[in-house]
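Rule-based calculations on the coordinates, nothing more; no lab input. Because the structure is a prediction, the values reported are computed rather than measured. Note that we place each Cβ from the backbone using ideal geometry, even for glycine, and neighbour counts take in every protein chain shown.
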Amino acid sequence: MLKSPQIYQTIIEIPTVAGRGNVPKMAKYLASEFTAAGFAAKDIQIIPKGKQLR
């Protein structure tokens with residue numbers, strides 16, 4: 001069974017409308033899913049709004 005529909009459903013259920021403060025929650029959820037799928041932690045970055053990649 002594909003996990004992608006479950007992941008998609010989860011992220012659309014997180015209210016990320018401006019002012020709710022849930023975007024970091026969604027980012028952490030996706031990062032945990034990427035880690036569980038085998039991505040190396042060093043390859044996953046959560047960059048706060050207004051910050052730039054180095």
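Within the range 1-47, track down each residue that is out of contact with any Lys or Arg (no Cβ under 9 Å at 6 or more places or on another chain) and in contact (Cβ under 8 Å) with a residue 12 or more places away in the chain.
Once the filter is applied, which keeps residues that are out of contact with any Lys or Arg (no Cβ under 9 Å at 6 or more places or on another chain) and in contact (Cβ under 8 Å) with a residue 12 or more places away in the chain, the range 1-47 yields LYS3, ILE7, THR10, ILE11, PRO24, MET26, ALA27, LYS28, TYR29, LEU30, ALA31, ILE44.
Counting only residues that are exposed (fewer than 13 other Cβ atoms within 10 Å of the Cβ) and within 8 Å of the chain's Cα centre (by Cα), how many does the range 26-41 have?
2
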